[in-house]
Amino acid sequence: MLARITCVFALAILPATSALADACAGHYESSGVPLVTGITYKTWMVFPSINSNVAFDKVSQAVLAEGFVDVNVEKKLGTLTAQQETSGSGRPQTLRVVVRKNGKGSRVDAVFIVQPGQVAPGVGKNLCRIVNSVGE
């Protein structure tokens, strides 16, 4: 009986996790010309039942887990800024996350900026992993 309950619970979680990923991907957009101008990648999600303080803590942990450095946290403002340098050029890429109250829940906006001449393949999936950490 316990095995059946666990299996049903696990199956119930999968659609919710998939729905979060789909919603985040649906909000994803980028602007700029690859290798010519800087590129801004962004996405957002609303979590109607998650307090903004809890959301901010979860996002902060997710950013640290992704290996960003120079993380600057302003919890009172709901902002987090971090740097990443993966190209070997010495020119950092910037992540900005803003968590704000939205009704009884919270809204999380994430922006990743790369400088001219840089590209960031797969950044949409990575931004959604950070944003979706709030719902996990």
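Checked against (1) more than 22 Å from Ala23 (Cα to Cα); (2) surrounded by 15 or more Cβ atoms within 10 Å (Cβ to Cβ), Arg129 passes all but condition (1). Anything in segment 75-91 that is at pLDDT below 80 and of a type in the set (Val, Ile, Thr)? List them, or say none. Thr86, the sole residue that qualifies.
Pairs linking a residue in segment 70-83 that is farther than 18 Å from Val131 by Cβ to a residue that is of a type in the set (Gly, Ala, Ser) and surrounded by 13 or more Cβ atoms within 10 Å (Cβ to Cβ), with Cβ atoms under 7 Å and 6 or more positions apart or on different chains, are Asp70/Ala82.
Within segment 100-113, does at least one residue satisfy the condition of being in a loop (DSSP other than H, G, I, E, B) and in contact with a strand residue (DSSP E or B) (Cβ under 7 Å, 6 or more places away or on another chain)? Within segment 100-113, none of the residues are in a loop (DSSP other than H, G, I, E, B) and in contact with a strand residue (DSSP E or B) (Cβ under 7 Å, 6 or more places away or on another chain). In this structure, is Arg107 touching a helix residue (DSSP H, G or I) at 6+ places or on another chain (Cβ under 7 Å) and among the charged types (D, E, K, R)? In short, no.
Against the test of being exposed (fewer than 15 other Cβ atoms within 10 Å of the Cβ), more than 20 Å from Ala23 (Cβ to Cβ) and of a type outside the set (A, V, I, L, M), the options Arg91, Arg100, Arg96 yield a single qualifying residue, Arg91. For segment 30-74, a tally of residues being modelled with pLDDT of 95 or more, surrounded by 13 or more Cβ atoms within 10 Å (Cβ to Cβ) and part of a loop (DSSP other than H, G, I, E, B) returns 2. If the condition is being among the hydrophobic types (A, V, I, L, M, F, W, C) and either in contact with a Cys (Cβ under 9 Å, 6 or more places away or on another chain) or more than 22 Å from Lys76 (Cα to Cα) (or both), then segment 30-60 contributes Val33, Leu35, Val36, Ile39, Trp44, Met45.
The values are calculated or read from the model by the stated rules, or taken from the named source; none is laboratory data. Just so it is clear, the structure is predicted and the values come from calculations on it, not from any experiment. When we count neighbours, we look across all protein chains shown, and the Cβ atoms used for this are built from the backbone with ideal geometry, even at glycine.
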